[in-house]
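Visitor: Dropping a structure here in structure tokens format, bear with me for questions.
The values are calculated or read from the model by the stated rules, or taken from the named source; none is laboratory data. Worth saying up front: this structure is predicted, and the values here are computed from it rather than measured. Note: ideal-geometry Cβ built from the backbone for every residue, glycine included; neighbour counts use all protein chains shown. Accessible surface is based on the protein model in full, side chains and every heavy atom, while ligands, DNA and RNA are left aside. Shrake-Rupley method; radii C 1.70, N 1.55, O 1.52, S 1.80 Å.
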Amino acid sequence: MNPLSTYIKESPFLKEIGEIALFTKRFFKEIAKPKQEYAEFLNQCFWIGYKSLILVGVTGFIMGLVLTIQSRPTLVEFGAESMLPSMVSVSLIREIAPVITALICAGKIGSGIGAELGSMRVTEQIDAMEVSGTNPFKYLVVTRVMAATLMLPVLSSLANAISLYGGYLGANIRGNVSWNLYWFQVFNVLNYGDVLPSLIKTFFFGFAIGIIGCYKGYYSQKGTEGVGRSATTAVIVASLLVFIIDLIAVQITDLLGLT
Amino acid sequence: MENEPIIEVRQVNKSFGKNHVLRDFSMDVNQGENLVILGKSGSGKSVLIKCIIRLIDADSGSIKVLGNEINGLDQEPLDDLRSKIGFLFQSNALYDSMTVRQNLEFPLRIHWTKEERLKNGYSAVMEALTDVGLAHTIDMMPSELSGGMRKRIALARALILRPKVILYDEPTTGLDPVTGREISELMVSVQKKYNATSVIISHDMNCIRITSNRVIMLIEGRNYADDTFENLKKSNDPKIKEFFT
């Protein structure tokens, strides 16, 4: 066997990718089966979505405010201060708000799911579900992944809107832009090609955060140390995946001529 | 029917890497008896009962529970069969984000219809809690309970579907001798009330003495001895003797 084949066969990195792929395949298999856990899904939407509103809202507002304050001097230098609302809105909606929201959620939701399921695994709660005849994958994994997939776009849309309010405040700290002029410039420059791809990619961000958090927690080992490791690696891998998905999404929108 | 095997284990093998835990292990468990499996820590006792309920797949051999070959059983019939088996985990495995009531209602979600749950759910929960003497804890969280109370709640959850077989994984481990004896006596009383067949994994001699009708000694992955507690206690076999001294 040549060294490359040996590496492919024994690489823990490739093994992990394979296991995540199988875990994802199982998710789609389970979601296609009848009898979904709707009550638990709504419960997870509440925890993942509603309980993240304040964090995402505050972060979104600060993002808009800081970006506007930071961008202003450069635009002033080029005599393009009037372009400030347009530039800030495009930057926020297309890239910054969805990605920062996803990273915050990777931290909050990814680690939360990883730690919760990890703790359930090491205290045999998942085994207890299995012996009671409940499908723990469907009850724990499908509901959390679905909730993360559907709540991320909602949270990102909220962050988009609030960050634009932050931008308005930022534009008026040093300058003077009227409410009507600000929003006119924002909506004048934004089109569906900016909003839709950005919204669509947040579904994938949410899916990645949910599936990685669940995978890491579901197969947690080695007691409490393993739970901590599951939570940490869930955040790291989910954050990395957010950037990879973003990179792919940018290439696709570029190919489709939406940039 | 009396003395008809409820569980038949035939030549079961299970390895974890190079560690051969079960080696051609065989045993029968008869209707209504309390069988204790005794062995050293790490001898494969917990692996055996997890194979019986198929939380772990055996590498080879046959395991029949209530007439069903458990290996190769599809998910739906396996879930049906599991509804007839109660399992008490060593760590209790109570759902820590749910109240006692929700813990007990959890198995009902799958095996009872919504109408049945609405009509009889509360009374079933109360009956199981009364059987273990903890009806007053119904709205408490597991974190508010002592170790012995958690063990009783876990037992109540195992009983909620009125199982024909109850599997106990080291039910008295981590409990003080008094609470351990109470749990052992409780196991005997619920076995009588539910007319269930019990398989008990333990190395607590008091628990074994109180609960067992028969004891199997699991040594080096094999069914080394199979007799009553009193007869094994009198044995001159050094491997058996070291457990009773």
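Visitor: Name every residue in the range A:48-81 that is open to solvent by 30 Å² or more (accessible area, probe 1.4 Å) and closer than 19 Å to A:LEU103 by Cβ, in order of residue number.
Guide: Within the range A:48-81, A:LYS51, A:LEU53, A:ILE54, A:LEU55, A:VAL58, A:THR59, A:PHE61, A:ILE62, A:LEU65, A:VAL66, A:LEU67, A:GLN70 qualify.
Visitor: Quick one: B:ALA135 ticks every box in (1) within 14 Å of chain A (Cβ to nearest Cβ); (2) surrounded by fewer than 19 Cβ atoms within 10 Å (Cβ to Cβ); (3) not basic (Lys, Arg) bar one, so which box is it?
Guide: With respect to (1) within 14 Å of chain A (Cβ to nearest Cβ); (2) surrounded by fewer than 19 Cβ atoms within 10 Å (Cβ to Cβ); (3) not basic (Lys, Arg), B:ALA135 is out only on (1).
Visitor: It is to be established whether one or more residues within the range A:198-210 are within 14 Å of chain B (Cβ to nearest Cβ), within 22 Å of the chain's Cα centre (by Cα) and surrounded by fewer than 24 Cβ atoms within 10 Å (Cβ to Cβ).
Guide: No, there is no match, as no residue in the range A:198-210 is within 14 Å of chain B (Cβ to nearest Cβ), within 22 Å of the chain's Cα centre (by Cα) and surrounded by fewer than 24 Cβ atoms within 10 Å (Cβ to Cβ).
Visitor: Still on this structure, I have one more. Could you tell me which numbered condition B:PRO171 fails, if it satisfies all but one of (1) in contact (Cβ under 8 Å) with a residue 24 or more places away in the chain; (2) in a loop (DSSP other than H, G, I, E, B); (3) open to solvent by 20 Å² or more (accessible area, probe 1.4 Å)?
Guide: Looking at each condition in turn, B:PRO171 falls short on (3).
Visitor: Same structure, new question: Just to verify a result, which residue in the range A:113-136, among those that are polar (S, T, N, Q) and either farther than 25 Å from A:VAL235 by Cβ or open to solvent by less than 10 Å² (accessible area, probe 1.4 Å) (or both), is farthest from the other protein chains (Cβ to nearest Cβ)?
Guide: Ranking the qualifying residues of the range A:113-136, first place goes to A:ASN135.
Visitor: Given B:LYS64, B:LYS40, B:LYS84, B:LYS50, which one is surrounded by fewer than 17 Cβ atoms within 10 Å (Cβ to Cβ) and either closer than 28 Å to A:VAL122 by Cβ or more than 10 Å from chain A (Cβ to nearest Cβ) (or both)?
Guide: Result of the check over B:LYS64, B:LYS40, B:LYS84, B:LYS50: B:LYS40.
Visitor: Quick check on B:SER123: is it within 13 Å of chain A (Cβ to nearest Cβ), free of Cβ contacts under 8 Å to residues at least 24 places away in the same chain and not charged (D, E, K, R)?
Guide: Considered against the rule, which asks whether it is within 13 Å of chain A (Cβ to nearest Cβ), free of Cβ contacts under 8 Å to residues at least 24 places away in the same chain and not charged (D, E, K, R), B:SER123 comes out as no.
Visitor: Name every residue in the range B:193-236 that is free of Cβ contacts under 8 Å to residues at least 24 places away in the same chain and assigned to a loop (DSSP other than H, G, I, E, B), in order of residue number.
Guide: Scanning the range B:193-236 gives B:THR228, B:SER235, B:ASN236.
Visitor: So if I check each of B:ASP227, B:ASP204, B:ASP176, which one is of a type in the set (Asp, Glu) and buried (at least 18 other Cβ atoms within 10 Å of the Cβ)?
Guide: B:ASP204
Visitor: State yes or no: is A:VAL154 within 20 Å of A:LEU55 (Cα to Cα), out of contact with any Ser or Thr (no Cβ under 7 Å at 6 or more places or on another chain) and surrounded by fewer than 21 Cβ atoms within 10 Å (Cβ to Cβ)?
Guide: Here the answer is yes, as A:VAL154 does meet what is asked.
Visitor: Further question: Scan the range B:28-46 and report the pairs whose first residue is without any contact (Cβ under 8 Å) to a residue 60 or more places away in the chain and whose second residue is open to solvent by less than 10 Å² (accessible area, probe 1.4 Å), with Cβ atoms within less than 8 Å and a gap of 6+ or a chain change.
Guide: From the range B:28-46, the pairs are B:ASP28/B:ILE7; B:ASP28/B:VAL9.
Visitor: Output the number of residues of the range A:14-29 satisfying the condition of being open to solvent by 60 Å² or more (accessible area, probe 1.4 Å) and of a type in the set (Phe, Trp, Tyr).
Guide: Looking only at that region, the number is 1.
Visitor: Only one residue in B:PHE16, B:PHE25 is surrounded by 21 or more Cβ atoms within 10 Å (Cβ to Cβ) and aromatic (Phe, Trp, Tyr), so which one is that?
Guide: After ruling out the rest, the residue left standing is B:PHE25.
Visitor: Of all residues in the range A:237-259, count the ones that are under 12 Å from the mean Cα position of the chain (by Cα) and closer than 13 Å to A:GLY193 by Cβ.
Guide: 0
Visitor: Check the range B:94-117 and report whether any residue there is touching a residue at least 60 places away in the same chain (Cβ under 8 Å) and more than 14 Å from chain A (Cβ to nearest Cβ).
Guide: no
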